[in-house]
Structures are given as C-alpha cells and as structure tokens.
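Data first, discussion second: the structure below is written as structure tokens.
Rule-based calculations on the coordinates, nothing more; no lab input. Not measured: the values here are computed from a predicted model. Note: ideal-geometry Cβ built from the backbone for every residue, glycine included; neighbour counts use all protein chains shown.
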Amino acid sequence: MTFNGRKWTAEEKLQILDEARRAGQAVSDVCRRHQIAPSQFYEWERQARAGALEALRAKKRGRKPSKTEAHLKDEVTRLRTVVAELSAETLQLKKDTMKALVHPERRRSNVSVTGGARDVIRGGRRS
C-alpha cells in the first residue's frame, strides 16, 4: 500500500476502528477500503485503548490547577527555601556577633556598625 499523505481526524480514526470491530468485518478489508496499512490501524487501536484507560483511571476530584497556580506554587516553594537560607544566615551572624562580644579580642578594630540604618564605617569613611 502506498502512503497518500492524508491526515485523519480523531473522529475519522474512531469511525474506522468501530467499522473494523463490527461483526463480520475483517480488519484487512477495512484497511484496504480506507487505504491505510494494518499496522496503522493497530497503532490507532493501541492509542484509543490507552486514551480510554487514562480517561477511566481514578483521578483527584475537583478542578485541575491552572498553569498559573502551578507556577505560583513553585514560586512559593522557592521563596520558602530562600527564607530558610536567610534565617540560617541571620542566626549564624547573631552567633558570630555574640562570640565577638564575649571575646573582644576577636573584633576588628577598624569596623563598627551604627544604628538601624546599618551604615558600615570602615577606617573612618562610609562605604
């Protein structure tokens, strides 16, 4: 059989599959009538069965989350990770500060931190 380059719609494929499954119809006769290879017929049949199984499988009830919702959930997860990292970093800085206060010899003499604005003065000049 020659390939005629025809594109079949899903409805046409299903109609051909139904026609071949009617009593008394041979798959080879239906394939010949529609000018398709039997291997193509069996591939469509496999795809139809897989689609039917997927449709019949138990799924979560409710609506499917949109791509926007999925994107937002991913963003929330990413931000939670960032917050956890920043919290760990802040805790480490507090521990280091407490150690510096307890052991003044570990402090650097040319660095001081002033006020809530967190201006850092190095060597008498603002940076």
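Some notes on this structure:
- Residue order, fewest to most beta carbons within 10 Å, for VAL30, VAL82: VAL82, VAL30
- Each residue, GLU89 and GLN15, gets one label point 7 Å from its Cα in the Cβ direction; the gap between the two is 6.4 nm.
- Linear extension gain, LYS64 paired with HIS103, 0.36 nm per residue minus alpha-carbon span: 8.2 nm
- In this structure the amide hydrogen of GLN25, modeled in the peptide plane, comes within under 5 Å of no amide hydrogen from residues 5 or more places off or on another chain.
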